[in-house]
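Peer 1: One structure, pasted below without further comment.
The values are calculated or read from the model by the stated rules, or taken from the named source; none is laboratory data. Note that the structure is a prediction, hence the values are computed from the model and not measured. Heads up, the Cβs are rebuilt from the backbone with ideal geometry, glycines too, and the neighbour counts pull from every protein chain shown.
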Amino acid sequence: MSHALRGHFKRRGFTLIELLVVIAIIAILIALLVPAVQKVREAAARTQCTNNLKQIGLGLHNFEGTFKRLPPLYGGAATQATAASKKFNHVWGSTHVFILSYIEQDNLYKQMANGTTAPVDYIPTGVGSSNVAANNRVVPTFVCPADPSMSDGILAGGVLGGSSYAANAQLFAPLNTEVIPPGGQGGDMVGNTKPNWCDRGSTISRISDGSSNTIMFLHVYALCGTGAGGSAWGYTGGPNAQPSITQGYQPWMRASVLKQDYCGIIGTGTFQNQPNPYSSKSCNPALSATPHSSAMMVLLGDASVRSVVPSITVTTWNSACTPNDGQILGSDW
């Protein structure tokens, strides 16, 4: 083969300009792909949250069908005279604990049983045959995949099973004031010196504002703020603890901006939209918080799930949180 012919077949490399063009095209494709992937993940997380909230709603309805009443905000009692719930004074836990048997977690609920003679106390800090406290267990139905403050369903940096959803205390506990004026702050819970101060004992049919207009559960971060604010489904603060007056890891949240003296929550505004980082002052444990970019997911009394936009007014938000205030929801609902 001649020298001229060998030169004709000599491999030609990329020029610098061609290489830069290829890199630029790849960078543009990546820039277009990343938001698309994020949108897919967000959509999947919202779908999972919708399913979780619906399961919680069905659990609440099934509980009501069994006991002819909604579960309390908290059971257990220090004394019978000032019991948080006189009817369920042997269940030391939140609304979340009461519905475990109705969301396919009956074995976990039974693990909490302490004692062999009736009535048996059910305590989330109880230890079963696995030697692991029940409240250290992950309940998948209570976990939002978009919640940045949990790792595989456990509170970040801790051992407690977290919850990305909290009960609306205004629905599950009695209030001093039911009817509020437009723009008002709603009704405070009754004092913790009164019996059943965490147990309204209501039925869904007795929600005078309508079950489809009243929030039952809503989004929170499992861990929020610089202190110990957060939401752990089985938190009790001890083997037989009353609801704490500090924020702690209380598994409920006052759903509106009203002052709530007895579970330590004082909020201003409606809810937080993706507070970041969750472990700083940017996240206020006194308010509910959504990890979704454009909406707060809420469970309504009819077991349906609704997206609420961050621009909702305080008046409309409060009215949706209070079950018997008699106010018509605004056009922003």
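Peer 1: Determine if region 57-68 includes at least one residue that is closer than 15 Å to Trp252 by Cβ and modelled with pLDDT of 95 or more. Give the derivation first.
Peer 2: Here is the first cut: in region 57-68, the residues closer than 15 Å to Trp252 by Cβ are 60.
So of that shortlist, the ones also modelled with pLDDT of 95 or more come out as 60.
Looking for residues that are closer than 15 Å to Trp252 by Cβ and modelled with pLDDT of 95 or more, one finds at least one in region 57-68, hence yes.
Peer 1: Considering only residues that are of a type in the set (Gly, Ala, Ser) and in a helix (DSSP H, G or I), look in region 314-333 and name the one that is modelled with the lowest pLDDT.
Peer 2: So the first thing to find is which residues in region 314-333 are of a type in the set (Gly, Ala, Ser), and the list is 319-320, 326, 330-331.
With in a helix (DSSP H, G or I) added as a condition, the list becomes 319-320.
On the way: Ser319: 84, Ala320: 89.
My answer is Ser319.
Peer 1: Output the number of the condition that Ser164 fails; it satisfies all remaining conditions of (1) surrounded by fewer than 16 Cβ atoms within 10 Å (Cβ to Cβ); (2) in contact with a His (Cβ under 9 Å, 6 or more places away or on another chain); (3) modelled with pLDDT of 90 or more.
Peer 2: For Ser164, the failing item is (1).
Peer 1: Follow-up question, since we're still on this one. Which of the residues spanning region 297-332 are surrounded by fewer than 23 Cβ atoms within 10 Å (Cβ to Cβ), aliphatic (A, V, I, L, M) and closer than 26 Å to Pro174 by Cα? Please lay out each step first, then the result.
Peer 2: From region 297-332, those surrounded by fewer than 23 Cβ atoms within 10 Å (Cβ to Cβ) are 300, 302-316, 324, 326-332; that's our starting set.
From what is left, the residues that are aliphatic (A, V, I, L, M) are 300, 303, 305, 308-309, 312, 314, 328-329.
Those that are surrounded by fewer than 23 Cβ atoms within 10 Å (Cβ to Cβ), aliphatic (A, V, I, L, M) and closer than 26 Å to Pro174 by Cα: Leu300, Ala303, Val305, Val308, Ile312, Val314, Ile328, Leu329.
Peer 1: Does Tyr74 fit the bill of being among the aromatic types (Phe, Trp, Tyr) and touching a Cys at 6+ places or on another chain (Cβ under 8 Å)? First the steps, then the outcome.
Peer 2: On the way: among the aromatic types (Phe, Trp, Tyr): yes; touching a Cys at 6+ places or on another chain (Cβ under 8 Å): yes.
Criteria met by Tyr74.
Peer 1: Follow-up. Taking region 266-283 as the region of interest, how many residues are part of a loop (DSSP other than H, G, I, E, B), at negative phi and modelled with pLDDT under 85? Walk me through how you get there before you give the answer.
Peer 2: Going through region 266-283, the residues part of a loop (DSSP other than H, G, I, E, B) turn out to be 267-271, 274-283.
Next cut, at negative phi only: 267-268, 270-271, 275-283.
Still in the list and also modelled with pLDDT under 85: 267-268, 270.
Qualifying residue count, region 266-283: 3.
Peer 1: Restricting attention to region 286-318, which residues are farther than 16 Å from Gln272 by Cβ and either in contact with a Phe, Trp or Tyr (Cβ under 8 Å, 6 or more places away or on another chain) or aliphatic (A, V, I, L, M) (or both)?
Peer 2: Leu299, Leu300, Ala303, Val305, Thr316
Peer 1: With the checklist (1) assigned to a loop (DSSP other than H, G, I, E, B); (2) at pLDDT 90 or above in hand, flag the one item Val298 doesn't pass.
Peer 2: Of (1) assigned to a loop (DSSP other than H, G, I, E, B); (2) at pLDDT 90 or above, only one is false for Val298: (1).
Peer 1: A follow-up question, please. Filter region 284-295 down to the residues that are at pLDDT below 90 and out of contact with any Leu (no Cβ under 6 Å at 6 or more places or on another chain) and list them by number.
Peer 2: Step one: list which residues in region 284-295 are at pLDDT below 90, which gives 284-288, 293-295.
Passing the criteria: Asn284, Pro285, Ala286, Leu287, Ser293, Ser294, Ala295.
Peer 1: Would you check if Asp152 is of a type in the set (Asp, Glu), surrounded by fewer than 20 Cβ atoms within 10 Å (Cβ to Cβ) and at pLDDT 90 or above? Full working, then the answer.
Peer 2: On the way: of a type in the set (Asp, Glu): yes; surrounded by fewer than 20 Cβ atoms within 10 Å (Cβ to Cβ): yes; at pLDDT 90 or above: yes.
It is true that Asp152 is of a type in the set (Asp, Glu), surrounded by fewer than 20 Cβ atoms within 10 Å (Cβ to Cβ) and at pLDDT 90 or above.
Peer 1: For the structure I just gave you, tell me whether Leu53 is assigned to a helix (DSSP H, G or I), among the hydrophobic types (A, V, I, L, M, F, W, C) and at pLDDT 85 or above.
Peer 2: On the way: assigned to a helix (DSSP H, G or I): yes; among the hydrophobic types (A, V, I, L, M, F, W, C): yes; at pLDDT 85 or above: yes.
Taking the combined requirement at face value, the residue satisfies it.
Peer 1: Need the failing condition index for Pro140 against (1) out of contact with any His (no Cβ under 9 Å at 6 or more places or on another chain); (2) over 30 Å from Pro277 (Cα atoms); (3) at pLDDT 95 or above, just the number.
Peer 2: (2)
Peer 1: Now for a different question. Taking only pairs six or more apart or across chains, which ones have beta-carbon atoms under 8 Å, a first residue in region 141-161 that is at positive phi, and a second residue that is surrounded by fewer than 24 Cβ atoms within 10 Å (Cβ to Cβ) and in a loop (DSSP other than H, G, I, E, B)?
Peer 2: Cβ pairs passing all conditions: Asp152/Val138; Gly153/Val138; Gly153/Val139; Gly153/Val143.
Peer 1: Let me ask something else about it. Considering only residues that are in contact with a Gly (Cβ under 8 Å, 6 or more places away or on another chain) and of a type outside the set (Gly, Ala, Ser), which ones fall in region 313-328? Don't jump to the end; show me each part of the working.
Peer 2: Step one: list which residues in region 313-328 are in contact with a Gly (Cβ under 8 Å, 6 or more places away or on another chain), which gives 313-316, 318-319, 321-323, 325.
Matches in region 313-328: Thr313, Val314, Thr315, Thr316, Asn318, Cys321, Thr322, Pro323, Asp325.
Peer 1: Could you list all residues from region 302-311 that are more than 26 Å from Tyr249 (Cβ to Cβ) and at pLDDT 90 or above? Show your work before the answer.
Peer 2: First, pick out the residues of region 302-311 that are more than 26 Å from Tyr249 (Cβ to Cβ): 302-304, 306-307, 309, 311.
Within region 302-311, Asp302, Ala303, Ser304, Arg306, Ser307, Val309 qualify.
So that you can scan it fast, the table gives a plain yes or no per residue for (1) among the aliphatic types (A, V, I, L, M); (2) under 18 Å from Met216 (Cβ atoms); (3) in a strand (DSSP E or B):
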position	(1), (2), (3)
Gly59	no, yes, no
Glu64	no, yes, no
Leu70	yes, yes, no
Gly76	no, no, no
Ala81	yes, no, no
Ala84	yes, no, no
Asn89	no, no, no
His96	no, yes, no
Glu104	no, no, no
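Peer 1: In region 284-295, which residue that is in a loop (DSSP other than H, G, I, E, B) and among the small types (Gly, Ala, Ser) is surrounded by the most Cβ atoms within 10 Å (Cβ to Cβ)?
Peer 2: Of the residues in region 284-295, the ones in a loop (DSSP other than H, G, I, E, B) are 284-288, 291-295.
This time we only want the ones that are among the small types (Gly, Ala, Ser), so: 286, 288, 293-295.
On the way: Ala286: 20, Ser288: 30, Ser293: 14, Ser294: 12, Ala295: 16.
Looking at residues that are in a loop (DSSP other than H, G, I, E, B) and among the small types (Gly, Ala, Ser), I get Ser288.
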